[in-house]
């Protein structure tokens, strides 16, 4: 497992494929998490207790942009049975599953006990409320709050305030801003 400085790994964490893990600086993976696929985790991220990131057997990748978090009990699936069109079993080779990468952009957050299904690209600034369900191939708008089962847009996030906070902590400066858009930093 490759990781940056200030990496904290909680107790009773299971990482099934450590050779497929890339972890940035200032990352915390809390107690009782289970990760069984390829992962790329950016700087300043947190994965809270009881989170599962699974499926795809390393064939697909979970990616998490900087300054992002998964709250306690989140489940991220990179493969799943197709409960509509197929047998619900993993033991029959002819059964096709729903599969795909899951990517969270920078400054994203997923609330407690939410479920994210395979093949999702969650763009910069999106947050997902607790107990939400994200179906496969959901189309998101950046900097928006989503919640529900299945999710729906709730309101826009306060991007200007978040960018001010990033300036206060020294992550970005005024030279990174062009017409209100963040143009530098990872």
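The values are calculated or read from the model by the stated rules, or taken from the named source; none is laboratory data. Please read these numbers as outputs of a predicted model, since none were measured by experiment. Note that each Cβ is placed from the backbone with ideal geometry, even for glycine, and that neighbours are counted across all protein chains shown.
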Looking at segment 40-61 only, could you name the residues that are on the phi < 0 side of the Ramachandran plot and modelled with pLDDT under 95? 59
Taking the criterion of being farther than 14 Å from residue 62 by Cβ, surrounded by 20 or more Cβ atoms within 10 Å (Cβ to Cβ) and out of contact with any strand residue (DSSP E or B) (no Cβ under 6 Å at 6 or more places or on another chain), would at least one residue in segment 134-148 satisfy it? no
Within segment 4-37, which residues are more than 17 Å from the chain's Cα centre (by Cα), surrounded by 14 or more Cβ atoms within 10 Å (Cβ to Cβ) and under 23 Å from residue 171 (Cα atoms)? 4, 7
Just checking: which of the strands (runs of 3 or more DSSP E) contained wholly in segment 119-164 hold 1 or more residues that are in contact with a helix residue (DSSP H, G or I) (Cβ under 8 Å, 6 or more places away or on another chain), under 17 Å from residue 64 (Cα atoms) and at pLDDT 95 or above? none
Please enumerate the residues belonging to segment 41-63 that are outside any loop (DSSP other than H, G, I, E, B) and farther than 18 Å from residue 99 by Cα. 41, 46, 47
Among the residues that make up segment 150-165, is at least one of them surrounded by fewer than 16 Cβ atoms within 10 Å (Cβ to Cβ) and within 22 Å of residue 49 (Cα to Cα)? no
Any idea how many residues of segment 1-29 are free of Cβ contacts under 8 Å to residues at least 40 places away in the same chain, in a loop (DSSP other than H, G, I, E, B) and either in contact with a strand residue (DSSP E or B) (Cβ under 9 Å, 6 or more places away or on another chain) or on the phi > 0 side of the Ramachandran plot (or both)? 11
So is residue 67 touching a helix residue (DSSP H, G or I) at 6+ places or on another chain (Cβ under 9 Å), under 22 Å from residue 129 (Cβ atoms) and either touching a residue at least 60 places away in the same chain (Cβ under 8 Å) or exposed (fewer than 14 other Cβ atoms within 10 Å of the Cβ) (or both) or not? yes
I'd like the full set of residues that are part of a loop (DSSP other than H, G, I, E, B) and surrounded by 20 or more Cβ atoms within 10 Å (Cβ to Cβ), limited to segment 101-110. 105, 106, 107, 108
